[in-house]
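The structure appears below as structure tokens.
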Amino acid sequence: MTAHTSFFENVINYVDRAAALTNHPKGLLDQIKHCNSVYHFEFPVRHPDGSIEVVKAWRVEHSHHKLPTKGGIRYAPEVNEDEVKALAALMTYKCAIVDVPFGGAKGAIQIDPRNYTLDQLERITRRYTHELAKKNFIGPGVDVPAPDYGTGEREMAWIADTYMAMNPGHLDAIGCVTGKPLSQGGIRGRKEATGRGCFYALREACAHAEDMKALGLSPGIAGKRIVVQGLGNVGYHAAKICREEGHAIIIAIAEREGAITNPNGLNETDVFQHRKETGSILNFPGATNIENSLDALELDCDALIPAALENQITADNAARIQAKIIVEGANGPTTPEAEEILLKKGVLIIPDIYANAGGVTVSYFEWLKNLSHVRVGRLGKRAEEANERRILQAVELLTGQKFTDDIFTKVAKGSDEQDFVNSGLEDTMVVAYQRLREIWKGDSRVPDLRTAAFLDAIEKVARAYAELGIFP
Ligand code: GLU
């Protein structure tokens with residue numbers, strides 16, 4: 001791979017590398033690799049001074065082997081068509097790896113949302129949705145967007161509202177987008193899902209004593225020293241859950257204006273609050289400033305979670321990275337050249353197409369909630385609780401002993417939506433890690449987890465085409 005390949009070419013190269021280990025015909029592999037539909041459009045935005053700006057926008061549907069297609073929408077000033085194609089392709093492989101029955105897609109508007117008023121952002125988002133709807137690039141059975149870099153619940157609510165206004169009376173219309181606020185058909189646990197998924201990925205990796213030994217680490221996530229890049233939705237929740245549930249230590253956090261470090265550990269919630277109040281992550285009480293944000297990636301740590309944008313770990317800094325494990329919370333944070341250097345050093349890279357799949361997994365649960373028009377747990381919670389009470393009462397009868405009320409309320413507890421979402425997400429991430437690790441360890445031709453992940457995805461997409469009778 002040369003130093004000048006584009007993001008989409010990088011993804012194609014990854015597919016080619018894994019595909020070389022299969023016997024699939026070229027035609028099938030071409031069909032898997034290339035983007036099914038690329039829709040580029042431009043529309044005007046009025047500024048408060050009356051001037052007009054024309055903004056560029058895209059929606060790319062990478063693979064229609066399963067429908068709807070699925071993937072986020074990003075608002076970023078530098079975004080371009082190649083990037084959207086790459087990200088759409090990654091969505092196809094990501095969904096396949098975690099058995100989420102969607103094809104991959106991605107959308108983008110080339111703006112820096114910080115330069116627009118709330119009113120403009122609403123108009124831009126609604127216009128974008130309108131343009132997608134005109135070309136049948138959105139719908140609960142067609143293509144279902146979600147949040148990504150620069151967008152969140154607010155934009156998803158505008159998208160749902162616009163689509164529903166254009167499709168009055170359509171019962172499933174609210175399933176046209178995921179990542180919505182709870183009051184607009186969202187699901188508990190979606191916001192933290194990508195970060196939570198990163199936690200499960202790291203926890204699983206650390207659970208393999210043999211793999212940890214090879215890295216010179218002790219097994220278990222507890223006490224692991226972690227550097228997080230990006231205090232956005234992914235990085236913030238990854239840090240919080242690794243610290244609270246994994247008992248890991250967050251020794252540094254990097255943001256665009258700089259980074260901070262404290263070997264005794266940082267509390268991401270306090271750091272977030274500090275940044276909100278002062279406008280910068282720097283000068284956090286008790287921490288040391290790192291003026292050049294990228295320098296934080298080179299700190300001595302056990303795990304590094306890049307959770308910002310693509311191309312952060314490159315041939316320029318890879319040799320200086322000291323982390324033993326990299327959990328790719330962002331899409332494409334490591335360039336292929338950097339990966340080569342890191343793998344030679346023995347770093348365990350948990351690839352984006354698996355590590356950040358928690359978001360789309362819970363998006364799938366939200367879509368199911370929208371189509372079924374009922375919150376999971378609503379019908380069964382009290383029945384489950386009653387069953388558990390009956391078991392406790394039977395034990396009381398058999399032993400002649402009485403349980404306290406406290407024990408009854410702790411044990412006889414029906415599962416609610418949040419419990420189901422976390423349980424479904426945990427199972428998805430754990431099962432997928434085991435499978436990828438088996439592919440990696442079980443075949444000497446598979447050099448690393450990323451190749452294993454692409455191989456798993458290619459096989460699944462190929463099977464879908466074969467079972468459609470399109471390819472032998
Ligand atoms: N934008 C997220 C991703 O890159 C979520 C996609 C979704 O939920 O559809 O995986």
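The values are calculated or read from the model by the stated rules, or taken from the named source; none is laboratory data. Just so we're clear, the structure is a prediction, and the values are computed from it rather than from any experiment. Ideal geometry is used to build each Cβ from the backbone, glycine not excepted, and the neighbour counts take in all protein chains shown. These area figures cover heavy atoms from the full protein model, side chains too; ligands, DNA and RNA do not enter into them. Shrake-Rupley method; radii C 1.70, N 1.55, O 1.52, S 1.80 Å.
Residues in the range 36-89 that are of a type in the set (A, V, I, L, M), open to solvent by 10 Å² or more (accessible area, probe 1.4 Å) and in a strand (DSSP E or B): 38, 52, 54. Residue 134 meets each of the listed conditions (1) under 30 Å from residue 65 (Cβ atoms); (2) in contact (Cβ under 8 Å) with a residue 12 or more places away in the chain apart from (2). One residue stands out in the range 90-110 among those that are farther than 14 Å from residue 32 by Cα and not in a loop (DSSP other than H, G, I, E, B): the one that is farthest from the ligand (Cβ to nearest atom), namely 109.
Among the residues that make up the range 145-164, is at least one of them of a type in the set (S, T, N, Q), within 15 Å of the ligand (Cβ to nearest atom), under 22 Å from residue 67 (Cα atoms) and in contact with a Ser or Thr (Cβ under 6 Å, 6 or more places away or on another chain)? Steps first, please.
To start, the set of residues in the range 145-164 that are of a type in the set (S, T, N, Q) comprises 151, 162.
If we keep only those that are within 15 Å of the ligand (Cβ to nearest atom) as well, we get 151.
So of that shortlist, the ones also under 22 Å from residue 67 (Cα atoms) come out as none.
So far as the range 145-164 goes, no, none of its residues is of a type in the set (S, T, N, Q), within 15 Å of the ligand (Cβ to nearest atom), under 22 Å from residue 67 (Cα atoms) and in contact with a Ser or Thr (Cβ under 6 Å, 6 or more places away or on another chain).
Among the residues making up the range 248-266, those that are assigned to a loop (DSSP other than H, G, I, E, B) and either without any contact (Cβ under 8 Å) to a residue 24 or more places away in the chain or more than 22 Å from the chain's Cα centre (by Cα) (or both) are 257, 262, 263, 264, 265, 266.
Among residues belonging to the range 390-420 that are in a helix (DSSP H, G or I) and either of a type in the set (S, T, N, Q) or closer than 30 Å to residue 448 by Cα (or both), point out the one that is least open to solvent (accessible area, probe 1.4 Å).
Of everything passing the filter in the range 390-420, 418 is least open to solvent (accessible area, probe 1.4 Å).
If only one of 127, 46, 59, 114 is within 13 Å of the ligand (Cβ to nearest atom) and of a type outside the set (Gly, Ala, Ser), which one is it? Just a single option satisfies the conditions, and that option is 59. Evaluated against (1) closer than 22 Å to residue 457 by Cβ; (2) within 16 Å of the ligand (Cβ to nearest atom); (3) not basic (Lys, Arg), residue 75 falls short on exactly one condition, (1). Could you go through the range 101-118 and let me know if any residue there is on the phi < 0 side of the Ramachandran plot, open to solvent by 10 Å² or more (accessible area, probe 1.4 Å) and within 17 Å of the chain's Cα centre (by Cα). Taking every residue of the range 101-118 in turn, at least one turns out to be on the phi < 0 side of the Ramachandran plot, open to solvent by 10 Å² or more (accessible area, probe 1.4 Å) and within 17 Å of the chain's Cα centre (by Cα).
Could you grab me the full set of residues in the range 310-327 that are in contact (Cβ under 8 Å) with a residue 40 or more places away in the chain, open to solvent by 10 Å² or more (accessible area, probe 1.4 Å) and over 20 Å from residue 13 (Cα atoms)? Step through it out loud before you land on a result.
Of the residues in the range 310-327, the ones in contact (Cβ under 8 Å) with a residue 40 or more places away in the chain are 310-312, 315, 323-325, 327.
From the residues that got through so far, the ones that are open to solvent by 10 Å² or more (accessible area, probe 1.4 Å) too are 310-312, 315, 324.
Residue satisfying the conditions is 324 alone.
Note on the range 128-220: enclosed helices (runs of 4 or more DSSP H) holding 3 or more residues that are crowded, with 17+ Cβ neighbours inside 10 Å and either β-branched (Val, Ile, Thr) or touching a Pro at 6+ places or on another chain (Cβ under 6 Å) (or both) are 153-166. Name every residue in the range 236-266 that is open to solvent by 50 Å² or more (accessible area, probe 1.4 Å) and of a type outside the set (D, E, K, R), in order of residue number. Selection gives 247, 249, 263, 264.
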